Amino acid sequence: LTIDQFEELITLCQSKQKDKQSNQQKKRKKFWNWLTQKIQQKNKQEEWQQFLNLLKKTLSANLDQLRILVTLRSDFEPRFLNSDGLKSYWAKARFPVRAMRSDELRQAIERPASEIALYFEPPTLVDKLIDEVGSDALPLLSFTLSELYRKLAQKWRIQETSDRALTLDADFDKEGGVAGSLTRRANQEYDGLPDDAHRATLRRLMLRMVTTEAGESARRRVPLSELVYADAAENERVELVLERFDRARLIVSGQETGEPYVEPAHDFLVRSWDKLQEWQQDEQEDLSLQRRLTPAALEWKSKQEARFLWNADPYLNVLNQVLTSEKDNWFNQVETEFVQKSVWRRRRNTNLRWVIAIGVTVVSLSLTLWALISLRDTQIAQIRNLRQSTEVKRQS
């Protein structure tokens, strides 16, 4: 059992929808379903801690046919070492992938270029890349190198030159060096979108692809089903934006257990892109609400039961305002249906309460009127009897 990106057990910790699966995937599904059922029986613990405890129990069974291989980012390792789930297995099973030495980094940079007769200009450029990136940000180094190759290819197409030198722009250092190459490309792609509507779509997409862990932004893997909207024009914009950012290697797409997904290509992008940081600051309340709304809408969609609607939630009025806003509506198709149904349910319940209240009032008024009429008739009868009695006494 291979569990890649084990840190997402903390950063995401959510169930995945499944599609058609191969036999091998079905076997995995059976195992995961068993784990999920066990998890649901232990509601008092955090979900990720439950999962660790279940892995520990599985390992304790000493099954000959089972090996568990976990890959984990080193900066998340302390979170698992402080838990009791796998702590006893960690020391003897841990295999750290050491950082590349400077000479190995140099080979990784220079050899692919030399094999196609390219070279770096000036010669100190490789040293500059190694000094700025080091071995702790290989994805960022990979992106920076791809940008060098891309710019050279553009130069060949435009100028029809035979230049073989991989060079940096004159403003490279002013714009943040290697670390800024990613955000520079993101800004270029953002500015290159056709219009403001596409840029607003990008904003909504990127905000879905980010989460917060220990006060710091982190990537969030988003199923493509979550990026389907009720508006056909919005779906066309989503397709174009995803295509452009995927081609620019700013996001990556994949498929997990039959469910296609997209996510930012680099943690550095979600932590350092100025626009994304600004959007997060502006949309803090909406993002917090979105993190609650999305799983609730999916649960309602899968079970189609009215009890999962938010007709009694105090935030429904806010959601209804977002729903009716042409500018600030960030709901996808499922969320739109969920909010609409919740609003309809609240109105129905409100109308029903009004009908009951009016009915009770009518009945109360009717009973009161009947009582008053009865009292009046009684009083009239008493007066009549008194007159008759007085008349009899006078005659006698």
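Observations
- Conditions (1) part of a helix (DSSP H, G or I); (2) open to solvent by less than 70 Å² (accessible area, probe 1.4 Å); number of the one not met by TRP310: (1)
- Taken over region 234-278, the criterion of being of a type in the set (A, V, I, L, M) and free of Cβ contacts under 8 Å to residues at least 24 places away in the same chain is satisfied by VAL252 alone.
- Residue count, region 145-164 (criterion: at pLDDT 80 or above, acidic (Asp, Glu) and open to solvent by 30 Å² or more (accessible area, probe 1.4 Å)): 1
- Figure legend. Inter-residue proximity from region 192-205: first residues without any contact (Cβ under 8 Å) to a residue 24 or more places away in the chain, second residues assigned to a helix (DSSP H, G or I) and of a type outside the set (Val, Ile, Thr), beta-carbon distance below 7 Å, spacing 6+ or different chains. Indicated pairs: ARG199/TYR190.
- Residues of region 287-307 that are open to solvent by 30 Å² or more (accessible area, probe 1.4 Å) and either farther than 17 Å from GLN333 by Cβ or of a type in the set (D, E, K, R) (or both): SER288, ARG291, ARG292, GLU299, LYS301, LYS303, GLU305, ALA306, ARG307.
- Test result for THR167, more than 26 Å from MET100 (Cβ to Cβ), among the hydroxyl-bearing types (Ser, Thr, Tyr) and open to solvent by 40 Å² or more (accessible area, probe 1.4 Å): no
- Scanning region 206-239 for residues that are out of contact with any strand residue (DSSP E or B) (no Cβ under 8 Å at 6 or more places or on another chain), surrounded by 15 or more Cβ atoms within 10 Å (Cβ to Cβ) and among the aliphatic types (A, V, I, L, M) yields LEU207, ALA230, VAL238.
- Any pair with Cβ under 6 angstrom, 6 or more apart, that starts in region 292-312 at a residue that is within 23 Å of ARG221 (Cα to Cα) and ends at one that is modelled with pLDDT of 90 or more: LEU293/GLU335; ALA297/VAL334; ALA297/GLU335; ALA297/PHE338; TRP300/PHE338; LYS301/VAL334
- Of the strands (runs of 3 or more DSSP E) contained entirely in region 190-284, those carrying at least 3 residues that are out of contact with any helix residue (DSSP H, G or I) (no Cβ under 7 Å at 6 or more places or on another chain) fall at 251-256.
- Here the condition is being β-branched (Val, Ile, Thr) and farther than 30 Å from GLN304 by Cβ; of VAL334, VAL360, VAL355, it holds for VAL360 alone.
- Residue check for GLN284: without any contact (Cβ under 8 Å) to a residue 12 or more places away in the chain, more than 30 Å from GLU7 (Cα to Cα) and either open to solvent by 30 Å² or more (accessible area, probe 1.4 Å) or in contact with a Gly (Cβ under 6 Å, 6 or more places away or on another chain) (or both): no
The values are calculated or read from the model by the stated rules, or taken from the named source; none is laboratory data. Treat the numbers as computed from the prediction; the structure is a model and nothing was measured. Cβ atoms come from the backbone with ideal geometry, glycine included; neighbour counts cover every protein chain shown. Side chains are part of the model used for accessible areas, which takes the heavy atoms of the whole protein and leaves out ligands, DNA and RNA. Shrake-Rupley method; radii C 1.70, N 1.55, O 1.52, S 1.80 Å.
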